[in-house]
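Novice: I'd like to ask some things about the structure below.
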Amino acid sequence: MARYRCIMEYDGENYSGFQIQPNAVTIQEITEKALSVLFGCDTKITASGRTDSGVSAKAQVIHFDAQTDIPDNKIPYCLQQILPDDISILTCDKVNDDFHARFDAKAKTYSYKILLTNINRPLYKKYYQYPYKINIDLLYQALDKIKGTHNFKAFMSSGSDITNFERTIYDISHLQNKDCITIRITANGFLYNMVRIIIGTSLDIARGKLDISVLDKMFETGDRSFGGSTAPAHPLTLEEVFY
């Protein structure tokens, strides 16, 4: 029996998130079924973290244990014949038995794409089409204020059993090309819907719906009601996991 580490890419649009759950089709379920077919026995995977319904990934990291004669660099090609087109194993290699995709992860980067127009753009379906006029400088000021170590409880949706809400955001960068903005957030961990609440609240500040001072209130109180909207899931992508 050997341990394998894989990097996955998937489009989350047609799935109810990564983690297996009853009465729903998930990335984990489909991937484990494919691996079980390939190896001829029940095979379970562990990911760096779960992505929510509709969220995609360019570089999700997983590990699994298997006994097989298939060379590790051939496993992605074999799985390509079994997995659907919207899920792919990009790389696979043997690692030490103590490697853990979740517990060994030090940081992650997510990206979020925003389209600032109310004109239909068919090729930008993965963007959050935001039709309101915003102050770009204020948007970037809000995002900059969120960087650092804080109590992010107010940036978490209900439905999680997490009790430690302190996280450190190492960097928030943004790339703007005309009406398109890509925001990248790197942190040591993320709470449930944290990125989407950061984006939604920052946009509400940038359009004048909220004052930027609400960010301090959110950090001080942990009260979600001070925050803004939760941005939709489909423009969110897990870009990289750091070990």
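The values are calculated or read from the model by the stated rules, or taken from the named source; none is laboratory data. Note that the coordinates shown come from a computational prediction; the quantities given were computed from them, not determined experimentally. All Cβ positions, glycine included, derive from the backbone under ideal geometry; neighbour counts span all protein chains shown. Just so you know, the surface numbers come from the protein's heavy atoms only, side chains and all, with ligands and any DNA or RNA stripped out. Shrake-Rupley method; radii C 1.70, N 1.55, O 1.52, S 1.80 Å.
Novice: Somewhere in segment 102-117, is a residue open to solvent by 70 Å² or more (accessible area, probe 1.4 Å), touching a residue at least 40 places away in the same chain (Cβ under 8 Å), part of a loop (DSSP other than H, G, I, E, B) and under 19 Å from G49 (Cβ atoms)?
Specialist: Yes: one or more hits.
Novice: Still on this structure: With respect to S16, determine if the residue is among the hydroxyl-bearing types (S, T, Y), in a loop (DSSP other than H, G, I, E, B) and open to solvent by 50 Å² or more (accessible area, probe 1.4 Å).
Specialist: No; evaluated as a whole, the condition is false for this residue.
Novice: Take the residues of segment 41-73 that are open to solvent by less than 30 Å² (accessible area, probe 1.4 Å) and outside any strand (DSSP E or B): which is farthest from D11 (Cα to Cα)?
Specialist: Of everything passing the filter in segment 41-73, T43 is farthest from D11 (Cα to Cα).
Novice: Within segment 157-193, work out how many residues are under 14 Å from the mean Cα position of the chain (by Cα) and either modelled with pLDDT under 95 or part of a loop (DSSP other than H, G, I, E, B) (or both).
Specialist: Of the residues in that region, 6 qualify.
Novice: Does R196 meet the test of being outside any strand (DSSP E or B) and buried (at least 16 other Cβ atoms within 10 Å of the Cβ)?
Specialist: So R196 passes the test.
Novice: Could I ask something else about it? Working only within segment 75-91, note down all residues that are assigned to a helix (DSSP H, G or I) and out of contact with any strand residue (DSSP E or B) (no Cβ under 8 Å at 6 or more places or on another chain).
Specialist: Answer for segment 75-91, where residues must be assigned to a helix (DSSP H, G or I) and out of contact with any strand residue (DSSP E or B) (no Cβ under 8 Å at 6 or more places or on another chain): Y77, C78.
Novice: State whether the residues of segment 28-36 include one that is open to solvent by less than 40 Å² (accessible area, probe 1.4 Å), of a type in the set (V, I, T) and under 14 Å from the mean Cα position of the chain (by Cα).
Specialist: No, segment 28-36 has no match at all.
Novice: Do you know which of the residues in segment 92-101 that are among the charged types (D, E, K, R) and part of a loop (DSSP other than H, G, I, E, B) is farthest from V241 (Cα to Cα)?
Specialist: Taking the candidates together, the pick is D97.
Novice: Right, K94: touching a residue at least 60 places away in the same chain (Cβ under 8 Å), farther than 30 Å from A231 by Cβ, open to solvent by 80 Å² or more (accessible area, probe 1.4 Å) and touching a strand residue (DSSP E or B) at 6+ places or on another chain (Cβ under 6 Å) or not?
Specialist: Here the answer is yes, as K94 does meet what is asked.
Novice: Still on this structure, please answer the following. List every residue pair whose Cβ atoms lie under 6 Å apart, where the two residues are 6 or more positions apart in sequence or sit on different chains, the first residue falls within segment 175-202 and is charged (D, E, K, R), and the second residue, located anywhere, is surrounded by fewer than 16 Cβ atoms within 10 Å (Cβ to Cβ).
Specialist: D179/T117; R184/S173
Novice: Another one. Name the residues in segment 217-226 that are of a type outside the set (F, W, Y), open to solvent by less than 60 Å² (accessible area, probe 1.4 Å) and either touching a Gly at 6+ places or on another chain (Cβ under 8 Å) or part of a helix (DSSP H, G or I) (or both), would you?
Specialist: M218 - this is the single residue of segment 217-226 that is of a type outside the set (F, W, Y), open to solvent by less than 60 Å² (accessible area, probe 1.4 Å) and either touching a Gly at 6+ places or on another chain (Cβ under 8 Å) or part of a helix (DSSP H, G or I) (or both).
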